[in-house]
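First the structure, in the form of structure tokens, and then the observations on it.
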Amino acid sequence: MKHNMVGWFEIPVNDMNRAKTFYEAVFKVEISIHDFGGMQMGWFPDRGNVVGAQGTLIKQNTYVPSKEGTLVYFICDDLQNELDRVEASGGKIYQKKTQISPEHGYMGVFIDTEGNRVALHSNN
């Protein structure tokens, strides 16, 4: 295999507008909403041919937000910037910025407005 194994991610939401507002505020991005016949998706911006997986917020009755299960990591320049916007945007800090190791950088975790546990990673 000549690529990383993750190609797409979906973050379940109960309220698409609330989740869209939260993620746009935390990451300073614009999320575009698409309706596929009862399934709503809020696409994170596509940054072109760069490292990392593309993904979406998703609202559909079989998707249930959770603090358990798979953990998605968002790559940041300095994750403290995003963590600093979490609580003001309606989320909660789950794990403050913590060094993984000198060679692997830092991580932090928050709970979004929908109840999902989401992680951040940065080298700074």
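The values are calculated or read from the model by the stated rules, or taken from the named source; none is laboratory data. Owing to the predicted nature of the structure, the values given are computational and were not obtained by experimental measurement. Here the Cβ positions follow ideal geometry from the backbone for every residue, glycine too, while neighbour counts run over all protein chains shown. Each accessible area value is taken on the protein alone, full model and side chains, heavy atoms only, with ligands, DNA and RNA left out. Shrake-Rupley method; radii C 1.70, N 1.55, O 1.52, S 1.80 Å.
Looking only at GluC sites (Glu not before Pro) in DSSP loops with at most 12 other Cβ atoms within 10 Å, what is the longest site-free stretch of the chain?
31-67
Any of Lys59/Lys96; Lys20/Lys96; Lys20/Lys67; Lys20/Lys59; Lys59/Lys97; Lys67/Lys97 with alpha carbons more than 20 Å apart? Name them for me.
Values: Lys59/Lys96 28 Å; Lys20/Lys96 23 Å; Lys20/Lys67 18 Å; Lys20/Lys59 11 Å; Lys59/Lys97 29 Å; Lys67/Lys97 18 Å.
The pairs that break the limit, which is 20 Å between Cα atoms, are Lys59/Lys96; Lys20/Lys96; Lys59/Lys97.
Rounded to whole Å and sorted largest first, what semi-axes of the equivalent ellipsoid does the C-alpha gyration tensor of region 72-117 yield via the square root of 5 times each eigenvalue? Write down the numbers at each step before the final one.
Values: eigenvalues 77, 22, 15 Å².
Value: 20, 10, 9 Å, ordered largest first.
Please report the net charge: other residues with Cβ closer than 13 Å to the Cβ of Met107, K and R +1, D and E -1.
After counting each charged neighbour, the total is +1.
Assuming 0.36 nm per residue, please report the length gained on full extension of the stretch Lys28 to Thr98 beyond their Cα-Cα distance. Mind showing how you got there, number by number?
Working: separation 70, 0.36 × 70 = 25.20 nm, distance 2.23 nm.
The span from Lys28 to Thr98 would gain 23.0 nm if fully extended.
Accessible area per residue for the chain in Å², computed with a 1.4 Å probe and the full protein assembly in place, what is it? All intermediate terms of the calculation are to be shown ahead of the outcome.
Details: 7710 Å² over 124 residues.
Accessible area per residue: 62 Å².
How much length would be gained if the chain were fully extended between Gln80 and Met39, taking 0.36 nm per residue of separation minus their Cα-Cα distance, in nm to one decimal? If you can, show how the numbers build up before the last one.
Numbers: separation 41, 0.36 × 41 = 14.76 nm, distance 3.28 nm.
Computed gain between Gln80 and Met39 is 11.5 nm.
Could you tell me what percent of the accessible area of the chain is made up of carbon and sulfur, with a 1.4 Å probe and every protein chain present? Don't jump to the answer; show the numbers that get you there.
Numbers: 3770 of 7710 Å².
Here carbon and sulfur together make up 49 percent of the probe-accessible area.
Counting DSSP beta bridges with both partners in the chain, what percentage is antiparallel, nearest 5?
Details: 20 of 28 bridges.
In the chain, approximately 70 percent of DSSP beta bridges are antiparallel ones.
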